[in-house]
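Taking it in order: structure first as structure tokens, then the write-up.
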Amino acid sequence: MEQARIVAIYGSPRRNGNTATLLRKAVEGARDCGVQVEEIFLRDLKLSPCMEIYGCMEAGECRIQDDFQKVRDKILQARGLMLASPIFFYTVSAHTKIFMDRFQSLWVKKYWVDKNPPNRQLQRKGLFIAAGATKGKKLFDGVLLTIRYFFDVMDMELWKSLLYRGLDFEGDVLNFPAYLNEAYEAGKTFCQALQEKG
């Protein structure tokens with residue numbers, strides 16, 4: 001069986017923050033399952049925010065040329081996406097939101113240029129990991145809606161979300177080995193789900 005390729009996107013401004021640590025465990029689980037995973041740190045990329053010039057209306061291609069196109073193509077060629085971000089003001093980090101907003105060009109291509117209906121036979125899947133400092137009941141409500149629509153534009157199912165409260169300072173997650181184990185097991189199960197026949 002052909003290996004299901006996964007792209008793992010680190011959306012934290014901290015290279016060793018809590019979501020980055022959790023995502024590394026998920027990546028480890030997926031690799032132990034036997035799948036190839038490519039890791040990408042958004043903080044290391046040159047990414048402009050969407051300038052809303054709608055140059056993408058011509059052919060569905062973003063006019064701004066930077067690292068976005070390279071990462072977008074890797075994701076669109078993969079069977080699975082792992083995305084991790086801390087919670088800032090009840091949504092994803094600025095690095096992550098800038099990246100997500102650039103996929104407006106793909107939305108334009110899908111619905112305005114190609115006029116494709118939504119793909120309801122989704123075989124591509126996404127895993128989302130988030131950590132927030134507070135324990136608010138609605139801490140993840142907004143971000144989950146954003147993530148679902150982001151995955152939808154790529155014809156990708158939000159397969160699972162790992163959401164953790166009470167994690168703020170770098171290294172806090174190390175005090176919760178159960179969280180790390182859950183992320184590792186989720187990575188393994190994610191790999192297996194991608195390898196199942198659709």
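The values are calculated or read from the model by the stated rules, or taken from the named source; none is laboratory data. Quick caveat, the model's predicted, so the values are computed rather than measured. As a convention, Cβ positions derive from the backbone with ideal geometry for all residues, glycine included, and neighbour counts pool all protein chains shown.
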Only one of (1) touching a His at 6+ places or on another chain (Cβ under 7 Å); (2) closer than 26 Å to residue 125 by Cβ is not met by residue 13, so which one is it? (2)
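Here's the yes/no breakdown for (1) hydroxyl-bearing (Ser, Thr, Tyr); (2) touching a residue at least 60 places away in the same chain (Cβ under 8 Å):
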{"position": "49", "(1), (2)": "no, no"}
{"position": "57", "(1), (2)": "no, no"}
{"position": "70", "(1), (2)": "no, no"}
{"position": "74", "(1), (2)": "no, yes"}
{"position": "80", "(1), (2)": "no, yes"}
{"position": "88", "(1), (2)": "no, no"}
{"position": "91", "(1), (2)": "yes, no"}
{"position": "99", "(1), (2)": "no, yes"}
Options 126, 171, 142; residue that is within 24 Å of residue 99 (Cβ to Cβ) and at pLDDT below 95: 142
Only residues that are farther than 20 Å from residue 196 by Cβ, assigned to a loop (DSSP other than H, G, I, E, B) and touching a residue at least 12 places away in the same chain (Cβ under 8 Å): list them for the range 137-162, please. 138, 139, 140
Of a type outside the set (Lys, Arg), in a loop (DSSP other than H, G, I, E, B), within 19 Å of the chain's Cα centre (by Cα) and buried (at least 16 other Cβ atoms within 10 Å of the Cβ): is that true of residue 180 in this structure? no
Can you tell me which residue in the range 17-35 is surrounded by the fewest Cβ atoms within 10 Å (Cβ to Cβ), limited to those that are modelled with pLDDT under 95 and farther than 18 Å from residue 132 by Cβ? 34
Checking 31, 43 in turn, the sole residue that is more than 22 Å from residue 195 (Cβ to Cβ) and of a type in the set (Lys, Arg) turns out to be 43
I'd like the residue in the range 130-159 that is out of contact with any Lys or Arg (no Cβ under 9 Å at 6 or more places or on another chain) and aliphatic (A, V, I, L, M) and, out of all such residues, is nearest to residue 24 (Cα to Cα). 130
Would you point out which residue out of 71, 35 is closer than 30 Å to residue 188 by Cβ and part of a loop (DSSP other than H, G, I, E, B)? 35
How many of the residues making up the range 37-62 are under 18 Å from the mean Cα position of the chain (by Cα), more than 16 Å from residue 94 (Cβ to Cβ) and surrounded by 15 or more Cβ atoms within 10 Å (Cβ to Cβ)? 2
I'm trying to understand the selection: among the residues of the range 92-111, which are more than 13 Å from the chain's Cα centre (by Cα) and either modelled with pLDDT under 95 or under 28 Å from residue 134 (Cβ atoms) (or both)? 94, 104, 105, 106, 107, 108, 109, 110, 111
